[in-house]
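Structure first, then comments.
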Amino acid sequence: MMTPDTEEALAAAIRDASGPLLVQGNGTKLSMLRPVQAAAMLSTANLSGITLYAPNELVMSAKAGTRLSEIEKTLAEAGQQMICEPPHIHGENQTIGGIVASNLSGPRRVTGGAIRDHVLGVRAVNGSGEILKFGGRVLKNVTGLDVAKLLTGSFGTLAVMTEVTFKVLPVSEATGTIVLRGLDAEQGVAALSAGLGSPFFVTGAAYLPAERKAFLRIEDFATSVKYRTEKLAGQLSEFGAAEILGTEDSIALWRDIRDCKFLEASEAVWRLSVVPSAGPAILRALAPLGVTGFLDWGGGLVNLTGPADQATHDAVCQAASVAGGTWWLMQAPEPLRAVVDVVPPEPVALAAIRARVQASFDPRGILNPGRLRAA
Amino acid sequence: MLQPKPKSNVLEKRAEIIAGLKAVLPERAVIGDDVSLKPYETDGLTAYKQMPLAVVLPEDEAQVVAVMKFCHLHGIRIIPRGAGTSLSGGALPLADAVVIGMMRMNKILDINYADRYAVVQPGVTNIAITQAVQDEEFFYAPDPSSQLACMIGGNVSMNSGGAHCLKYGVTANNLLGLRLVTIEGEVLEIGGKQMDAAGYDWLGLITGSEGQLGVLTEVTVRILHSPEGARAMLAGFASNEVAGACVDAIISSGIIPVALEFMDKPAIHACEDFAHAGYPLDAEALLIIEVEGSETEQTEMLARIRDICAAYNPVSMRVSQTAEESAAIWKGRKGAFGAVGRISPDYLCMDGTIPTSQLPNVLKRMQAMSDEYGLKVANIFHAGDGNLHPLIMFDANDVESFHKAEAFGADILKLCVEVGGCLTGEHGVGIEKRDLMSVQFTPAELDQQRRIKTAFDPDWLLNPSKVFPLSGLSAAA
């Protein structure tokens with residue numbers, strides 16, 4: 001395991017590598033996607049620390065190995081937060097580099113955008129060991145190709161990020177949640193859709209089938225939250241009487257939704273992104289296979305868990321494809337992950353371009369080969 | 001402006017190429033005579049002009065595919081064009097290139113309110129999307145000043161912003177999917193109607209790629225429900241520094257207005273003459289601040305903002321009382337470029353971005369440059385996100401004045417990079433800033449971007465001579 005202390009040392013390690021490298025931060029996401037066959041491991045864990053924080057400019061930079069928990073603590077002390085509230089589904093050791101490399105976003109993604117919407121700049125080392133920076137520290141930047149976005153969500157297969165810069169926002173003064181009970185999934189998503197299609201700026205919209213409850217979150221100044229939760233609850237009266245949760249209860253609830261606490265413990269975990277109205281049918285189609293889950297992002301994020309076998313995996317992927325959506329295999333025993341498509345296969349024309357783009361960053365094919373797709 | 005040498009074998013075969021295009025397209029979709037080509041010789045950056053070899057105006061995706069295959073086969077360069085409003089020369093033709101104009105692909109294909117998206121063709125104007133959904137009280141958020149004319153395909157290609165992106169983000173943050181035709185004539189479906197896409201973020205890479213990677217034939221955008229209402233206020237200050245400090249104080253307080261715009265004195269005067277919006281003429285700097293929500297929410301938020309502004313001794317402060325008053329305030333701001341056009345025969349509109357804390361410093365240094373060059377500059381600034389629009393006034397009939405304006409503009413952009421910002425916040429690199437790219441990027445960083453371009457377009461036929469400095473072109477192509 002190589003854990004370089006500087007960007008230059010990391011670049012040298014890549015230049016000197018004689019074969020494939022398993023690239024990671026603290027390794028918390030190694031049970032996601034495909035296993036990498038590599039003799040050597042390269043970690044960004046020792047590239048750590050916040051390098052810039054300008055609360056008045058809504059911007060922070062941190063080295064890739066900085067723990068998310070440290071970033072969130074520093075932001076909280078200044079009354080700010082990560083906009084997309086990344087899930088803590090991989091424990092408290094996950095790094096900001098890992099969050100950006102996996103583009104994992106939480107409930108606020110539905111209106112606030114994903115990590116990829118907030119990454120302003122990256123420093124990274126490509127497969128030839130060149131140190132490169134793309135984007136910057138300003139909120140608006142269209143200078144050249146948006147390589148920072150391309151690296152976001154690329155799981156270390158194009159370049160190893162050494163530092164990331166991202167936009168942050170103030171924590172709202174208050175949070176309120178509208179809870180609607182006794183709804184089936186279709187009714188639940190209809191309620192979420194009505195809320196998201198209202199003028200009240202809903203920042204969280206989830207449905208829990210096990211509890212038959214739909215949740216809509218509003219965050220803003222206290223008087224605004226009070227006004228808008230009451231007004232929206234009134235508009236949603238066709239879905240039954242609403243319970244309204246205050247700030248403290250809301251924060252606890254949405255933390256649990258963010259961290260997928262409502263998924264039963266099971267061998268395999270999937271994450272599907274589909275049009276919101278497709279969520280309920282997917283839950284229903286997969287229930288007979290012992291696959292359970294819940295909906296976030298107004299119905300468009302389907303978090304699922306179930307048996308880790310090929311037939312179940314195929315059924316989950318099929319359900320996502322039929323809905324025109326996409327999937328990630330978030331967790332499964334290694335033998336299954338090694339043989340199935342962990343993300344949707346690509347059409348031929350795109351696959352050819354993807355291979356050329358990958359080679360343009362990593363001509364030797366040594367960075368996390370096979371992490372997303374079989375080489 | 002240095003351009004790549006036209007391919008003589010293409011120029012010589014112009015008549016055959018036009019005939020060949022007419023063979024694969026309807027006759028009405030091909031323009032080959034000089035009189036009809038004239039309107040395509042320039043775009044929003046009118047300082048540069050070049051007649052193209054031909055123009056094609058495809059009516060559907062199949063025709064786009066046919067054009068791409070034909071041009072690919074014959075090694076002909078292609079310049080994609082929307083409404084031709086680019087301020088960076090993104091649609092400037094080359095003598096040996098076919099301009100592919102997307103204005104006839106202007107249909108709205110699907111609107112879905114439950115799932116909150118609209119599928120449109122690239123030639124639909126920005127405003128037309130909002131107009132198509134406003135009866136249901138929805139809107140498409142990014143609002144570039146040219147929104148009445150500019151097309152969504154161009155917005156995607158340049159990753160356009162607007163005055164309200166402080167709250168709603170830029171084009172890239174409001175897209176779900178695209179269809180893109182590659183130079184080989186393959187149709188790629190990128191993203192979809194869902195929020196996240198597995199695999200690489202092609203949507204993010206293609207957005208803002210300035211026609212370097214393919215030609216768009218379909219765009220799926222997010223649509224949002226309109227807020228209950230919006231209201232603007234004006235606050236005039238005695239100096240740029242004080243106004244800049246006030247912007248800092250507003251953001252630091254935890255308030256993110258939907259828009260936070262800054263004008264300096266020359267801009268205030270030009271816009272007031274044009275819009276009669278009641279801008280304070282005695283102020284050195286003006287902030288336009290807009291908030292959204294119910295009447296009560298607007299009142300409360302504006303009261304908080306007024307309290308903050310009051311600490312910076314404003315020379316004037318006025319909250320809009322009516323929708324008409326708010327509209328007039330925005331008319332002045334959105335008409336700013338035209339307004340400056342009324343007081344100067346010509347102007348160059350720059351588009352750098354800086355860290356907002358650098359605003360007073362940058363404005364001071366820009367004033368020094370203005371004195372040095374002997375050219376006036378008016379500043380319009382998306383203050384919340386650091387995007388500067390200095391308008392450099394010059395006289396295009398005076399060649400020396402134009403060259404000075406260009407040099408002044410380049411110095412401003414270099415200053416933006418020096419203080420931690422970038423060359424362009426929302427207008428794109430185009431032809432205008434191509435040779436400044438090496439100020440912001442190292443040779444290795446430029447080469448990495450060129451290799452990505454090559455992966456999509458191996459022969460560099462798509463919008464060549466834009467974005468990347470010409471010096472590296474032959475090496476990568």
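For A:Glu267, the stated conditions do not hold, so it cannot be described as farther than 18 Å from A:Met330 by Cα and in contact (Cβ under 8 Å) with a residue 24 or more places away in the chain.
Do we find that A:Val202 is open to solvent by 40 Å² or more (accessible area, probe 1.4 Å) and touching a helix residue (DSSP H, G or I) at 6+ places or on another chain (Cβ under 9 Å) in this structure? Here the answer is no, as A:Val202 does not meet what is asked.
Please specify each residue of the stretch A:116-158 satisfying the condition of being more than 7 Å from chain B (Cβ to nearest Cβ) and under 19 Å from the mean Cα position of the chain (by Cα). Those that are more than 7 Å from chain B (Cβ to nearest Cβ) and under 19 Å from the mean Cα position of the chain (by Cα): A:His118, A:Val119, A:Leu120, A:Gly121, A:Val122, A:Ala148, A:Leu151, A:Phe155, A:Gly156, A:Thr157, A:Leu158. When the stretch A:174-210 is filtered for residues that are in contact with a Ser or Thr (Cβ under 7 Å, 6 or more places away or on another chain) and assigned to a loop (DSSP other than H, G, I, E, B), the ones remaining, listed by number, are A:Pro199, A:Phe201.
Of the residues in the stretch B:385-405, none is among the hydroxyl-bearing types (Ser, Thr, Tyr), away from every other protein chain (no Cβ under 14 Å) and either surrounded by fewer than 16 Cβ atoms within 10 Å (Cβ to Cβ) or touching a residue at least 40 places away in the same chain (Cβ under 8 Å) (or both). Of all residue pairs spaced 6 or more apart or on separate chains, those with beta-carbon atoms under 8 Å, a first member in the stretch B:326-354 that is part of a strand (DSSP E or B) and a second member that is among the small types (Gly, Ala, Ser) and at pLDDT below 85 are B:Tyr347/B:Gly341.
Cβ separations smaller than 7 Å between residues 6+ apart or across chains give the following pairs from the stretch B:289-317 residues that are under 13 Å from B:Val242 (Cα atoms) and of a type outside the set (A, V, I, L, M, F, W, C) to residues that are part of a helix (DSSP H, G or I) and open to solvent by less than 50 Å² (accessible area, probe 1.4 Å): B:Tyr312/B:Val242; B:Tyr312/B:Ala245; B:Tyr312/B:Cys246. Of everything listed in (1) over 30 Å from B:Lys69 (Cα atoms); (2) more than 18 Å from the chain's Cα centre (by Cα), the single unmet condition for B:Lys167 is (2). Taking the stretch A:288-361 as the region of interest, the helices (runs of 4 or more DSSP H) fully inside it that hold 1 or more residues being open to solvent by 30 Å² or more (accessible area, probe 1.4 Å), within 13 Å of chain B (Cβ to nearest Cβ) and in contact (Cβ under 8 Å) with a residue 40 or more places away in the chain are A:348-361.
Would you call A:Ala214 free of Cβ contacts under 8 Å to residues at least 40 places away in the same chain and assigned to a strand (DSSP E or B)?
Yes; evaluated as a whole, the condition is true for this residue.
On the basis of being in contact (Cβ under 8 Å) with a residue 24 or more places away in the chain, outside any loop (DSSP other than H, G, I, E, B), over 24 Å from A:Arg258 (Cα atoms) and assigned by TED's automatic domain parsing to the domain that holds A:Glu85, does A:Val122 make the cut? Working first, answer last.
Values: in contact (Cβ under 8 Å) with a residue 24 or more places away in the chain: yes; outside any loop (DSSP other than H, G, I, E, B): yes; over 24 Å from A:Arg258 (Cα atoms): yes; assigned by TED's automatic domain parsing to the domain that holds A:Glu85: yes.
So A:Val122 fits the description; yes.
Just one of (1) under 20 Å from the mean Cα position of the chain (by Cα); (2) buried (at least 22 other Cβ atoms within 10 Å of the Cβ) fails for A:Leu367. It is (1). The single condition among (1) open to solvent by 10 Å² or more (accessible area, probe 1.4 Å); (2) in contact with a Pro (Cβ under 8 Å, 6 or more places away or on another chain) that B:Ile289 does not satisfy is (1). Scanning the stretch A:219-248 for residues that are within 11 Å of chain B (Cβ to nearest Cβ) and touching a Lys or Arg at 6+ places or on another chain (Cβ under 9 Å) yields A:Asp220, A:Phe221.
Here are some residues: B:Lys38, B:Lys107, B:Lys69. Which one is modelled with pLDDT of 95 or more, surrounded by fewer than 23 Cβ atoms within 10 Å (Cβ to Cβ), under 19 Å from B:Leu148 (Cα atoms) and out of contact with any strand residue (DSSP E or B) (no Cβ under 7 Å at 6 or more places or on another chain)?
Working: B:Lys38 fails: under 19 Å from B:Leu148 (Cα atoms); B:Lys69 fails: under 19 Å from B:Leu148 (Cα atoms).
The unique qualifying residue is B:Lys107.
Condition check for A:Arg116 on (1) in contact with a Ser or Thr (Cβ under 6 Å, 6 or more places away or on another chain); (2) assigned to a loop (DSSP other than H, G, I, E, B): one failure, at (2). When the stretch B:82-137 is filtered for residues that are among the β-branched types (Val, Ile, Thr), within 13 Å of another protein chain (Cβ to nearest Cβ) and part of a strand (DSSP E or B), the ones remaining, listed by number, are B:Ile111, B:Val119. Within the stretch A:127-173, which residues are in a strand (DSSP E or B) and either open to solvent by less than 10 Å² (accessible area, probe 1.4 Å) or free of Cβ contacts under 8 Å to residues at least 60 places away in the same chain (or both)? Within the stretch A:127-173, A:Leu132, A:Lys133, A:Phe134, A:Gly135, A:Ala159, A:Val160, A:Thr162, A:Val164, A:Phe166, A:Val168 qualify. Taking the conditions (1) touching a helix residue (DSSP H, G or I) at 6+ places or on another chain (Cβ under 9 Å); (2) buried (at least 22 other Cβ atoms within 10 Å of the Cβ); (3) under 22 Å from A:Ala159 (Cβ atoms); (4) in contact (Cβ under 8 Å) with a residue 24 or more places away in the chain in turn, A:Met82 satisfies each one other than (3). Restricted to helices (runs of 4 or more DSSP H) entirely inside the stretch B:178-291, those with at least 1 residues that are more than 10 Å from chain A (Cβ to nearest Cβ) and over 21 Å from the mean Cα position of the chain (by Cα) are B:240-252, B:265-275. Report yes if some residue within the stretch A:272-285 is away from chain B (no Cβ under 14 Å) and open to solvent by 30 Å² or more (accessible area, probe 1.4 Å); otherwise report no. Checked against the condition, which is being away from chain B (no Cβ under 14 Å) and open to solvent by 30 Å² or more (accessible area, probe 1.4 Å), the stretch A:272-285 yields at least one hit. The helices (runs of 4 or more DSSP H) located wholly in the stretch B:407-477 that include 2 or more residues which are within 10 Å of chain A (Cβ to nearest Cβ) and crowded, with 19+ Cβ neighbours inside 10 Å occupy B:437-440, B:443-456.
Could you check the stretch B:332-374 and list, in sequence order, the residues that are open to solvent by 20 Å² or more (accessible area, probe 1.4 Å), among the hydrophobic types (A, V, I, L, M, F, W, C) and touching a strand residue (DSSP E or B) at 6+ places or on another chain (Cβ under 7 Å)? Result: B:Phe337, single match. Anything in the stretch A:224-242 that is open to solvent by 20 Å² or more (accessible area, probe 1.4 Å) and either aromatic (Phe, Trp, Tyr) or in contact with a helix residue (DSSP H, G or I) (Cβ under 6 Å, 6 or more places away or on another chain) (or both)? List them, or say none. If the condition is that a residue be open to solvent by 20 Å² or more (accessible area, probe 1.4 Å) and either aromatic (Phe, Trp, Tyr) or in contact with a helix residue (DSSP H, G or I) (Cβ under 6 Å, 6 or more places away or on another chain) (or both), then A:Tyr227, A:Phe239, A:Ala242 are the ones that fit.
Looking only at the stretch A:362-375, which residues are more than 9 Å from every other protein chain (Cβ to nearest Cβ) and modelled with pLDDT of 95 or more?
So in the stretch A:362-375, the residues more than 9 Å from every other protein chain (Cβ to nearest Cβ) come out as A:362-371, A:374-375.
A:Asp362, A:Pro363, A:Arg364, A:Gly365, A:Ile366, A:Leu367, A:Asn368, A:Pro369, A:Gly370, A:Arg371, listed by residue number.
The values are calculated or read from the model by the stated rules, or taken from the named source; none is laboratory data. Please read all numbers here as calculations on a predicted model, not as lab measurements. In this analysis, Cβ positions are derived from the backbone assuming ideal geometry, glycine residues included, and neighbour counts consider all displayed protein chains. Side chains are part of the model used for accessible areas, which takes the heavy atoms of the whole protein and leaves out ligands, DNA and RNA. Shrake-Rupley method; radii C 1.70, N 1.55, O 1.52, S 1.80 Å.
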